Every structure is written in C-alpha cells, then in structure tokens.
1. Cβ-Cβ distance below 6 Å, separation of 6 or more or different chains: which pairs start in segment 209-224 with a residue that is on the phi < 0 side of the Ramachandran plot and in a helix (DSSP H, G or I) and end on one that is open to solvent by 10 Å² or more (accessible area, probe 1.4 Å) and of a type outside the set (Lys, Arg)?
2. If ALA156 satisfies every condition in (1) modelled with pLDDT of 95 or more; (2) within 16 Å of the chain's Cα centre (by Cα); (3) open to solvent by less than 20 Å² (accessible area, probe 1.4 Å) but one, which is the exception?
3. Against the definition (out of contact with any Cys (no Cβ under 8 Å at 6 or more places or on another chain) and either farther than 27 Å from LEU254 by Cα or free of Cβ contacts under 8 Å to residues at least 40 places away in the same chain (or both)), how does VAL26 come out, yes or no?
4. Picking from SER313, SER289, which residue would you name as being open to solvent by 40 Å² or more (accessible area, probe 1.4 Å) and either under 26 Å from ILE218 (Cα atoms) or of a type in the set (S, T, N, Q) (or both)?
5. Filter segment 133-175 for residues that are touching a residue at least 40 places away in the same chain (Cβ under 8 Å) and basic (Lys, Arg); which is nearest to LYS364 (Cα to Cα)?
6. In the set LEU256, LEU323, which member is closer than 15 Å to PHE192 by Cβ, assigned to a helix (DSSP H, G or I), among the hydrophobic types (A, V, I, L, M, F, W, C) and touching a strand residue (DSSP E or B) at 6+ places or on another chain (Cβ under 8 Å)?
7. Applying the selection to segment 24-66, what residues are surrounded by fewer than 16 Cβ atoms within 10 Å (Cβ to Cβ), over 23 Å from the mean Cα position of the chain (by Cα) and hydrophobic (A, V, I, L, M, F, W, C)?
8. Would you call GLU296 open to solvent by 10 Å² or more (accessible area, probe 1.4 Å), closer than 25 Å to TYR17 by Cβ and touching a residue at least 24 places away in the same chain (Cβ under 8 Å)?
Amino acid sequence: MKVVHFAEYASGGVATYIKNLVNSQVSNSNISKVIIYCSKNHSDFDILKFRDEKVKVISYPYRRGFIGIFKILGMKKKIMSSNPDVIHIHSTFAGLIRFSFMFSKKKNKLLYCAHGWSFNKESSKFLLTFYRIIEKILSNFCYKIINISNYDSKSASFIGQNKMVTIRNSIPDLVVQKDKGSTNGKYRKILFVGRLDFQKGIDILISVVNKYFDGENIRLTVVGDAIIDDSLSIKTENTDNIKFVGWKSQSDVLHLLSDTDALVMPSRWEGLPITALEAMRESKMIISSDADAIPEVVINNYNGILFHKGSESSLSKAISRFLVMSSKDINKFGENGRHEYLTNFSYSQMLAKINELYLEVAEK
C-alpha cells in the first residue's frame, strides 16, 4: 500500500500528528511507501528533513492566501502521478484540494482530517456559516472524514455521521521523565508550547503574567513562533519572568516539559491538543482554557485547572490558585494526567483504527 500525506503548513500539532503516524508506518508491513507533501514555508524542520528509505518528502512553494488556494488545487496531478492507494489530507486549507477531485472516481482514495474545524473558531456569524457550507460541499469529495475528538464529531453532525469517523488524537508512550520540576525551588515554572497566533491565546497569557504576576514567584517559558498571524501586539523580548525560546525540537520540548511545573494552554479554540497529551504523558499538570474539545483531555480539579476561554481574570485566578498549591498536589495532578493518558488515549488503538480505515480505502 502506498500512502500520501498532504498538508500545507505542517507545524505544531499537525506536524506532531504526521511525524508520529509516519514513524509508525515505516514499520508497518502493509505499507510499502509513504510520501509527504507539505509547504516549504512554516513546516516543521523534522518533517522537511525526514530520513528513511521508505519515506519521501516533497516540499512545495506555498503561502496561505488567495494564490495559495490555486497552488493547493493544482497539486492533484503531482500527487496522483505517484499512484497512491490512500491520500490522507491534513488541515482545513489542505482540504480544499478535494475540489480538484469533484468529478474524479479517485475521490474515494481521500481521507480528510481538519485537525479542528474552521467553523468552531472565533469569527463572524457570516464566516462561520460560510465555513459550514464549504465543509458540507467538500464532504462529498472524499471517502471519509476523521474527527480528532468527540467535540469535533458532534459539532460537525450536520455533515452526516455516515461520512465521519471519530479517532481521537493520541501519541506514542515514552519513558516518563523523573524530574518533577521546580516546585521545591524559589519559583514555579510554567510552559507554553505552540504557535504565537490569535487562536492559541498567547497574547492573553503574556498580558496576564505581565499585569498580575510581574516580579512574583513565577517563570514562563514560551516555545514557538508566529505562523498564521504575526499581527498580535505582544513583545517577544525576554524579561525576568518571561523567556521566549522559539521553535524547539521534539526532544528539547520533552526536556522543557520534564523541567516545568505546569503546561499552560490559553487557546481560544482548539481540536484535541497533542501538547496536552504530551504533558499528561510526562505527568505534568495543565492550566488550560475550556475551549472546544479541551475538557475531553483536561479534567478540571483532576489533572488540571480549567479557566474560561478569552478571560484574563479567569486565567489570573487559575494561575493564582496554582501558585498556592503544594508540591504534593501539583505532582498528584500530574500523576492523574498520566493515568488519564494511559487509560483513555491509547496510541495503539488510534493506530489500529487508522490502519483499518486505510485498508478499507485501499480495497475500494
């Protein structure tokens, strides 16, 4: 079986999803070849430099915008020239390529994953309705749609359940780091990992730390950079309690996770965040907004603290509560997260469901 992964900006959670999936497919005897198409711009370095005789990476010149849409639509011929058995499409903009398959029988080779629906984000009522209409139309030009969370599945129920399958995000297990962070030190460490874009709410987090916790016993490390929206009015210079480190390799992120006390996710909207699963795998508690599918992963007062999305005052209260928690309670939240990850987010089950879907597509 020959598998194509098609993405545009392969970064953040989408990149992690693809990397983990491709790594598993390298050892899958049912899959003979894996080809990854992604943009030369804003794509994860580890994907662009993927090295394996079974894997081929093809990067194409692309920038998001009106012209970029035509570039995506024009990729059909190149993709089909490799005669794939399965074409796995990742994210909303990449999903527009389905228009190219409108009148093609080859559309039954297509699997589409939005990695969080565009109509669940913050926008005008007109645009959200427009996104729903587009997704409804495009659902006819692929075999199945993969939803990464129960929330995504419910919110897209207007598309039709027979067209969709829910395969919740997961990540492979690793050896859990033993470092419990700095809970016994002079200050608490918190970590943000992701795009410095409006969706991820980094502007809210920076504002809260500067307004309410400047000079207090807290240190924030920010991993990531702007990808989609570089217009946020945030300063990325390092201060005494905020450190910006840019994008880091997966191993570096794991090291930073092992050395923090809590992961902070101030997202305004979200699919099922892989970063949260990474923190849970490392036995770290989470401070997060209650956006979309996040409560499926972060259970309030069990493995984390939830605050109201978009609310600075609510986030401030959550951090204040975190600061007065004992080291024992923080570690207990982390242990609960590890248990939740092992119990309800099995990577082997996720792979089994995806492989079953691939075989179903290949047989057709």
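1. Partner pairs satisfying both residue conditions: TYR212/SER316.
2. (2)
3. When the stated conditions are applied, VAL26 passes them.
4. The unique qualifying residue is SER313.
5. LYS144
6. Answer to the check: LEU256.
7. PHE66
8. For GLU296, the condition - open to solvent by 10 Å² or more (accessible area, probe 1.4 Å), closer than 25 Å to TYR17 by Cβ and touching a residue at least 24 places away in the same chain (Cβ under 8 Å) - is met.
The values are calculated or read from the model by the stated rules, or taken from the named source; none is laboratory data. Please read all numbers here as calculations on a predicted model, not as lab measurements. As a convention, Cβ positions derive from the backbone with ideal geometry for all residues, glycine included, and neighbour counts pool all protein chains shown. What goes into the accessible areas is simple: the full protein's heavy atoms, side chains included, and nothing from ligands, DNA or RNA. Shrake-Rupley method; radii C 1.70, N 1.55, O 1.52, S 1.80 Å.
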